Amino acid sequence: MVTESLTVRDNRTGVEYDIPITDGTIRAADLGKIKAADPANNEEGPGLAVYDPGFVNTASCRSSVTYIDGDKGILEYRGYPIEQLAENSNFLEVSYLLVHGALPTKEEYDAWVHEITYHTFVHENIKEFMQGFRYDAHPMGMLMASVGAMSTFYPDAANISDPDNRRLQIIRLIAKMPTLGAWAFRHAQGKPYVYPDNDLSYTGNFLSMLFKMSESKYAPDERIEKALDTLFILHADHEQNASANAVRSVGSTQVDPYSSVAAGVGALFGPLHGGANEAVLRMLRRIGKVENIPAFIEGVKAGNERLMGFGHRVYKNYDPRAKLIKQQAYNVFEVTGTNPLLDIAQELEKIALEDEYFVKRKLYPNVDFYSGLIYEALEFPPEMFTVLFAIGRTPGWLSQWLELVQDKEQKIARPKQIYTGERGLNFVPRDVRWA
Ligand SMILES: CC(C)(COP(=O)(O)OP(=O)(O)OC[C@H]1O[C@@H](n2cnc3c(N)ncnc32)[C@H](O)[C@@H]1OP(=O)(O)O)[C@@H](O)C(=O)NCCC(=O)NCCS
C-alpha cells in the first residue's frame, strides 16, 4: 500500500495525478503517464519526461553495496564504516565483503585469498599484446585495452547467467588487474615484465611486479605494503560514480564483465574522475613554498583558479578517505623520507579550513588531496596514479556489475533525449546540390 505520494497538477490540462513516493524517489515512468493531451478523453500524447544531464538528481538503481552521507562525511561498504575497514581489514577481505555482501568465515577467506593468488598470471599472449604498445603509451590506455582483450581469452565469460562462471571471472579480474597495471608501468620504463610471486600478499606481489630488479626475491617494506593496501581499500567503491555507472551501463547490454570493466577503466581515465590528484601535485609545486600560500589563496577566492583536492559533489564535510590517506602519508614518509610538498599541503589545508570562503561553501579536502603525495613518494609517475585507483576500484565495479546482472528491475540503459534538430527535410542528390 502506498503511504506517501506526490500530487501533481498539470496546468496544461488541469488534470491531477497521484504519484507514489518510495524511498524518497518517484518513478520517472510514472511521470510518463502525464500527457499533454487529455487522458480523460483517451487522447494519446507524449508522456512527461525528466531532463537530467549528468544524472545529478536521478537514481539509476537500487544498491546495497556502498552507503555515503556526504553531509556527515560517512562512507560505508556493506554497512561497515570505511575507518574500521582501513584500520582492521585488508584489501582482499574488503573485496570479498563488497562482492559477497558479508565478511568471510576463516574457510571462505582462505579459499578467496588462495583463488585470487593463483589467478594472478595472465596468458603469455597478453604479455606479447602489451609489448606491442609504443614506448610512451599511457598506462591507462594499456590497462583499458588489455582488460577488454581478456574477453577474447575467456570467451566463457559471456555466460553471465551462471553464478559459478560469474564468480570465476570476478576472481580472474581482481587477480589480474595488478599484473596488467604493473606491466603497463614496466613497459613505459623499458624494463622486463616481472611475473607474479604467489608467496607474497596481493599488494606485496604488486610491489614486486612493479619494482623487482635482479634480486631473486623481492621483499616489500611492510609500511609501504600497508599504505598501498589501505589506499586500495579507500578506493574500492564509491557507489554510482562515473566509472561504476559506465560499468553498469555497458553491463546492462549483458556483455561479458571484461568488456564492462574496460568501460569503467575508460571512464576513470578522464581528468574529471581519476585525474585530480595529479592536478594537486602540479598546484603544490607551483606554490613552491609556504610563504606563497596566502597569495595563492587570495587568487582562489578571487575566482582565478581552484584549490585542487578540495570540494566534492557529494561530500560537504571532510571526505572520510582524506583523513585516512593523510595518516598513511606519514607512514610512507617514514620509509621514503618526507616530501617537502607535504608542508605546503598541510599549511594550505590549515588556512583553507579556517577561511570563511571555504567554510561557507563547505569545501574540505577530498580523497585526492594527499594521495598524490604518497604516490610520488613511492616514485610513481603521475600517469600511474589512475592505474592504482583502477586496481583498487575493480572489486567495486564488479560488485556493482554483479548486483546489476541479478537485478530483475534493470533493463538495458537507454536514456531518452530532447530532440533539437531539423525534421522532415527533403534529400537533394549531390549532383543537384553541387551543380
Ligand atoms: C569536485 C568539484 C568538481 C565539485 O564541484 P560541484 O559540486 O559542481 O561544486 P561547484 O563547482 O558548484 O562549487 C560550489 C562553490 O564552491 C566553489 N568551489 C568548489 N570547489 C572549489 C575549489 N576546489 N576551490 C575553490 N572554490 C571551489 C565554486 O567556485 C562555487 O562557488 P560559488 O558558489 O561562489 O560559485 C569541485 O569542488 C572542484 O572542482 N574541486 C577541485 C577539483 C578536485 O579536487 N576534484 C576531485 C574530486 S574527488
Q. Can you spot a residue in the stretch 353-363 that is in contact with a strand residue (DSSP E or B) (Cβ under 7 Å, 6 or more places away or on another chain), surrounded by fewer than 24 Cβ atoms within 10 Å (Cβ to Cβ) and not in a helix (DSSP H, G or I)?
A. yes
Q. Across the stretch 268-293, what is the number of residues that are under 19 Å from Gly311 (Cβ atoms) and either surrounded by 14 or more Cβ atoms within 10 Å (Cβ to Cβ) or within 14 Å of the ligand (Cβ to nearest atom) (or both)?
A. 17
Q. What strands (runs of 3 or more DSSP E), lying completely within the stretch 1-112, carry at least 3 residues that are within 25 Å of the chain's Cα centre (by Cα) and surrounded by 13 or more Cβ atoms within 10 Å (Cβ to Cβ)?
A. 66-69, 74-77
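This table checks each residue for (1) at pLDDT below 95; (2) touching a Leu at 6+ places or on another chain (Cβ under 9 Å); (3) of a type in the set (Gly, Ala, Ser); (4) surrounded by fewer than 22 Cβ atoms within 10 Å (Cβ to Cβ).
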residue: Asn366; (1), (2), (3), (4): yes, no, no, no
residue: Ser371; (1), (2), (3), (4): yes, yes, yes, no
residue: Leu398; (1), (2), (3), (4): no, yes, no, no
residue: Trp401; (1), (2), (3), (4): no, no, no, no
Q. How many residues are over 21 Å from Gly270 (Cα atoms) and either in contact with a Lys or Arg (Cβ under 9 Å, 6 or more places away or on another chain) or of a type in the set (Val, Ile, Thr) (or both) if we restrict to the stretch 120-152?
A. 6
(Q) So, Phe333, is that one away from the ligand (no atom under 14 Å from the Cβ), assigned to a helix (DSSP H, G or I) and in the same structural domain as His235 (by the TED database) or not? (A) yes
(Q) Yes or no: the stretch 368-381 includes at least one residue that is hydroxyl-bearing (Ser, Thr, Tyr), under 21 Å from Ser249 (Cα atoms) and part of a helix (DSSP H, G or I). (A) no
**Q.** Residues located in the stretch 360-387, provided they are aliphatic (A, V, I, L, M) and within 15 Å of the ligand (Cβ to nearest atom)
**A.** Leu363, Val367, Leu373
Q) Failed condition for Tyr357, given (1) modelled with pLDDT of 95 or more; (2) in contact with a Leu (Cβ under 6 Å, 6 or more places away or on another chain); (3) near the ligand (Cβ under 9 Å from one of its atoms), with all others met? A) (2)
Q) Which of (1) surrounded by 14 or more Cβ atoms within 10 Å (Cβ to Cβ); (2) more than 29 Å from Glu239 (Cβ to Cβ); (3) within 12 Å of the ligand (Cβ to nearest atom); (4) within 29 Å of the chain's Cα centre (by Cα) does Phe296 not meet, given it meets every other one? A) (4)
(Q) Would you confirm, using the coordinates I've provided, whether Leu307 is within 11 Å of the ligand (Cβ to nearest atom), surrounded by 21 or more Cβ atoms within 10 Å (Cβ to Cβ) and among the aliphatic types (A, V, I, L, M)? (A) yes
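The values are calculated or read from the model by the stated rules, or taken from the named source; none is laboratory data. Because the structure is a prediction, the values reported are computed rather than measured. Here Cβ is always computed from backbone atoms with ideal geometry, including for glycine, and neighbour counts include all displayed protein chains.
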